[in-house]
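Here's the structure, in structure tokens; my notes come after.
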There are 2 protein chains.
Amino acid sequence: MEFDLEQGIAILERTPRVLRATLSGLPSAWTDATEGPETWSPYVIVGHLIHGERADWIPRAELILAQGANRRFTPYDRFAQFRESEGKALAELLDEFARLREDNVATLAGWRLTDAQLALEGEHPVFGAVTLRQLLATWVAHDLGHVAQAARVMAKQYREAVGPWRAYLPVLDR
Amino acid sequence: MEFDLEQGIAILERTPRVLRATLSGLPSAWTDATEGPETWSPYVIVGHLIHGERADWIPRAELILAQGANRRFTPYDRFAQFRESEGKALAELLDEFARLREDNVATLAGWRLTDAQLALEGEHPVFGAVTLRQLLATWVAHDLGHVAQAARVMAKQYREAVGPWRAYLPVLDR
């Protein structure tokens, strides 16, 4: 499927509601659960998405759209959330994410991007030339990947509890 | 993590809201998307969950709780939804699932199951003896697995569109 701005926004605008429906008010046995050392809980995932709203997607899109001399993206800090979420309740993080995402979707929609703009390039620190279209498709797929991850992390907490049904639940061993 | 009735219900009661937040009003390019032949779209997944509410989880729990002479479960029909969802809009299915799940969670909570009851056994057609506790843990993990699947199926639609970022998005190749 090709990237389509309207279809992409349909996902981006839903993600805060999806995470709220999934996590709000849930016991911390679920929201702080991980897949093992160095893996992320749903709580950590929400903080990671917040950092992306502030530091990644829109700033990178702006860098591309400006087409200035320096089009090289700032490397993404995959650990920022361990600092930035400190002391915050999950409910606060869910509100913060919803607020930031709403603003960012409004910014994106407000640009009314043309095909020519979607084809503009920036410079990824590892991949080199990437288009705005690829960046926006990645924003969408990144959301869906982390929604899937949050559900998978929680499912795995019952890997033993399901007994023999583990054989029928591939999510428990992904 | 051990199965806990209250924590399990916290997931079960959220799933209809999660699926509604994820899928309601979304373009069919997303909700009818699959991972390839013989794989399921989000639309098909919702129908599958509906069939489970009618035919699987609560009927099997009742069979176990009754402790009659025949404790053997009816095999699960993994293809029932292709028949049962026919002609129904996704919005109808989301409503139907929410209604059935609400009733089933009320039934489950109303039983006020004891540890002794959770240890009672039924006979799975393939696995043999399974406990009520394992059945209920499976219900929860099954929900989360299909929520993860729906997000993963949609993410994969942008497998090509993300360009080089595919290397950073493991969900696209799971």
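The values are calculated or read from the model by the stated rules, or taken from the named source; none is laboratory data. Worth saying up front: this structure is predicted, and the values here are computed from it rather than measured. Using ideal geometry, Cβ is built from the backbone for each residue, glycine included, and neighbour counts are taken over all protein chains shown. These accessible areas exclude ligands, DNA and RNA; they are computed on the full protein's heavy atoms, side chains included. Shrake-Rupley method; radii C 1.70, N 1.55, O 1.52, S 1.80 Å.
Structure data summary
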{"item": "Shielding of B:121-131 by partner chains, average beta-carbon count, 10 Å", "result": "2"}
{"item": "Peptide B:132-144 - average C-beta neighbours from other chains (10 Å radius)", "result": "6"}
{"item": "Label point 7 Å beyond Cα along the C-beta direction, distances from B:E102 to other copies (nm, shortest first)", "result": "2.6"}
{"item": "Ratio Rg/Rh, restricted to region A:1-92 and using Cα atoms, in which Rh is the Kirkwood radius", "result": "1.03"}
{"item": "Additional length obtainable on full extension of the chain from A:A129 to A:E6, 0.36 nm per residue less Cα span", "result": "41.9 nm"}
{"item": "Interface area, B with A, accessible, probe 1.4 Å, both sides summed, Å² nearest 100", "result": "4600 Å²"}
{"item": "Inverse of mean 1/r across different Cα pairs in the protein assembly as shown, Kirkwood, Å", "result": "21.3 Å"}
{"item": "Accessible area of B:M1 in the full protein assembly, 1.4 Å probe (Å², nearest 10)", "result": "80 Å²"}
{"item": "Size of region B:43-133 as Cα extents on the principal axes (Å, biggest first)", "result": "42, 29, 17"}
{"item": "Vicinal HN-Hα couplings computed from phi for region B:14-21 (Karplus, 6.51 cos²θ - 1.76 cosθ + 1.60; Hz; Gly/Pro x)", "result": "7, 4, x, 5, 5, 5, 5, 4"}
{"item": "Counted charge near A:D77, where neighbours are those whose Cβ lies closer than 10 Å (Asp, Glu -1; Lys, Arg +1)", "result": "0"}
{"item": "Among A:G47, A:G128, A:G145, residue whose mean-square fluctuation peaks in a GNM of chain A (springs only between Cα atoms under 10 Å)", "result": "A:G128"}
{"item": "Per-peptide average of other Cβ atoms within 10 Å, ordering A:156-166, B:27-37 highest first", "result": "A:156-166, B:27-37"}
{"item": "Spacing of the two label points (7 Å from each Cα toward its C-beta) at B:F79 and A:A119, in nm", "result": "4.6 nm"}
{"item": "Volume per residue that the Cα convex hull of region B:124-174 spans, once the total is divided by residue count, Å³", "result": "95 Å³"}
{"item": "At q = 0.22, 0.25 Å⁻¹, base-10 log of I(q)/I(0) for region A:77-174 (Debye sum, equal scatterers on each alpha carbon)", "result": "-1.20, -1.29"}
{"item": "Cβ-vector label at 7 Å, A:F79, separations to other copies in nm", "result": "5.1"}
{"item": "Cut-off 12 Å between beta-carbons: net charge of the residues surrounding A:I64, Lys and Arg +1, Asp and Glu -1", "result": "+1"}
{"item": "Solvent-accessible area, 1.4 Å probe, carbon plus sulfur percent, for the protein assembly as shown", "result": "50 percent"}
{"item": "Partner chain coverage, peptide A:9-16 - average Cβ within 10 angstrom", "result": "3"}
{"item": "Heavy-atom accessible area per residue - the protein assembly as shown, 1.4 Å, Å²", "result": "44 Å²"}
{"item": "Compactness relative to 2.2 N^0.38 Å, alpha carbon Rg of chain A", "result": "1.13"}
{"item": "Between helix A:90-110 and chain A: long-axis angle, C-alpha atoms, 0 to 90°, nearest 10", "result": "30 degrees"}
